Amino acid sequence: ARGNSGWTSCRLWVWDLFEDPNGSRMSAYVNMWIMTLIVLSAFVGAFVETNPPIHKEQEDLWFWIELFFIANFSIEFLCRVLSCPDCKVFWTGGMNYVDLIAILPFY
């Protein structure tokens, strides 16, 4: 039971880190980081999509930029999935599917 409570405590800490931006300073920073990445990835995506010649000239650069965003979003999603207190409730949230659909095409 002792190890179990440590694991439970860790899971809840990770969950709160991503799901409660007002819970701690670190949680606020993590959520600010994720929101910044969302805005930047949308801007970069729109820029690349509307300027195909730029994408073709720098395909490797755009691949690594996309990989950076996908890696961050994948880690965030996996942390939330693995730490969620109730998987049934987690998978009934529509935004979780939006997150999953956003990262799956890369893989």
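The values are calculated or read from the model by the stated rules, or taken from the named source; none is laboratory data. If you're wondering where the values come from, they're calculated on a predicted model, not measured in any experiment. Every residue, glycine as well, gets a Cβ built from its backbone with ideal geometry; the counts of neighbours run over all protein chains shown. Ligands, DNA and RNA are excluded from the accessible area calculation, which covers all protein heavy atoms including side chains. Shrake-Rupley method; radii C 1.70, N 1.55, O 1.52, S 1.80 Å.
For this structure, a couple of remarks:
- More than 15 angstrom apart: percent of Cα pairs within the chain: 71
- Relative to the longest principal axis of the Cα atoms of the chain, helix 25-50 runs at roughly 20 degrees.
- Counting charges near Phe18 (Lys, Arg +1; Asp, Glu -1) among other residues having Cβ under 9 Å from its Cβ returns a value of -3.
- When both the stretch 8-44 and the stretch 52-85 are represented by their alpha-carbon centers, they are found 16 Å apart.
- Solvent-accessible surface of protein heavy atoms, probed at 1.4 angstrom with all chains present, puts Asp99, Asp86, Asp60 in the order Asp60, Asp86, Asp99, largest first.
- Average accessible area per residue (Å²) across the chain - probe 1.4 Å, nucleic acids and ligands excluded: 73
- Candidates Phe43, Phe18, Phe73: whichever shows maximal mean-square fluctuation once the chain is modelled as a Gaussian network with Cα springs under 10 Å: Phe43
- Summing charges over neighbours of Ser27, with a neighbour being any other residue whose Cβ is under 10 Å away from its Cβ, gives -2 when K and R count +1 and D and E count -1.
- Once the chain from Glu59 to Ile75 is taken as fully extended at 0.36 nm per residue, the excess over their C-alpha distance is 3.4 nm.
- Here the calculated FRET efficiency for Ala46 and Phe106, from their Cβ-Cβ distance with R0 = 22 Å, stands at 0.80, rounded to the nearest 0.05.
- Expressed as a whole percent, the accessible area of the chain that falls on carbon and sulfur atoms is 68 (1.4 Å probe).
- Across the stretch 8-17, rounded Karplus estimates of 3J(HN,Hα) from the backbone phi angles (6.51 cos²θ - 1.76 cosθ + 1.60, θ = phi - 60°) give 4, 4, 5, 4, 5, 5, 5, 4, 5, 4 Hz, Gly and Pro being marked x.
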